[in-house]
Amino acid sequence: MLEVVTGQTNMESNILEQVANIVLTQMEMEESLAEKVNHVESNQMAMEEKLLQKVDDICLAQTKMDQNITDKVNNLSDIQTSMKSQFTKQVTSLFEQLNSIINLKNDLSSESAKLIEMEERLTTQVASVAAAQTSMEHTLTEKVDDLTEAQLTMEDTLSAEVSIATANQMDLVNASVFELAETQRLEMQKLEKKTSRWMLYISIICAISIIIDLI
């Protein structure tokens with residue numbers, strides 16, 4: 001009878017030791033899972049910082065590009081204004097010459113044929129200058145349109161890059177969370193199997209103890 005009691009005591013001691021080991025194992029698993037969660041959060045924060053840095057770089061590049069385009073447009077506007085001013089001066093000068101010719105015509109009626117020829121020549125020159133001004137205005141307008149189209153294209157490209165970077169970050173975060181959840185599920189299954197096994201052992205030992213007590 002003493003041997004049975006001693007054996008039972010040893011079994012209970014072993015069971016308590018195993019239960020303590022299970023609890024210790026569970027605590028270690030929880031600490032490991034907590035470290036993995038912290039690691040995932042750290043990686044996510046790092047990815048977010050990289051994405052924010054990339055967005056800042058893109059915004060800076062966009063700002064520089066906008067400034068360059070604005071400077072080019074301003075330069076074109078200055079050139080156009082200068083050309084208009086020169087054209088106005090040329091037209092004014094031509095009209096002054098034309099007025100002088102008209103005055104000479106009034107004074108020198110004998111040379112009317114020459115004056116008419118000069119008037120026609122000046123009229124042709126004025127028309128040529130006007131045509132050149134119109135052509136230059138069309139050219140400047142086309143250049144401004146090309147710059148505007150290039151700016152819109154760059155904005156679309158930058159928006160697409162930001163969308164791709166955001167989607168890639170979300171995919172990485174989702175993959176990390178799924179991997180962590182799967183690892184936790186597997187560890188919990190292992191722990192449940194061990195706990196169920198030891199509960200069965202405890203039930204058997206309790207049944208044996210009851211039978212021994214009845215004997």
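The values are calculated or read from the model by the stated rules, or taken from the named source; none is laboratory data. Here the structure is a predicted model, which means the values were calculated and not measured. All Cβ positions, even for glycine, are placed from backbone atoms using ideal geometry, and neighbour counts span all protein chains on display.
Details
- Hey, L200 exposed (fewer than 12 other Cβ atoms within 10 Å of the Cβ), of a type in the set (A, V, I, L, M, F, W, C) and at pLDDT below 75 or not: yes
Conditions tested, residue by residue: (1) of a type in the set (D, E); (2) out of contact with any Phe, Trp or Tyr (no Cβ under 8 Å at 6 or more places or on another chain); (3) free of Cβ contacts under 8 Å to residues at least 40 places away in the same chain.
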residue	(1), (2), (3)
E149	yes, yes, yes
T153	no, yes, yes
L172	no, yes, no
S176	no, yes, no
W198	no, yes, no
S203	no, yes, yes
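- Each residue in the range 129-147 was checked for being without any contact (Cβ under 8 Å) to a residue 24 or more places away in the chain and of a type in the set (V, I, T), and 3 of them qualify.
- A residue that is of a type outside the set (F, W, Y), within 27 Å of the chain's Cα centre (by Cα) and assigned to a helix (DSSP H, G or I) can be found somewhere in the range 123-145.
- Residue match in the range 119-128 (condition: exposed (fewer than 15 other Cβ atoms within 10 Å of the Cβ), of a type in the set (S, T, N, Q), free of Cβ contacts under 8 Å to residues at least 60 places away in the same chain and within 30 Å of Q169 (Cα to Cα)): no
- Selection within the range 33-77 - among the hydrophobic types (A, V, I, L, M, F, W, C), under 21 Å from the mean Cα position of the chain (by Cα) and within 16 Å of M170 (Cβ to Cβ): M45, A46, M47, L51, L52, V55
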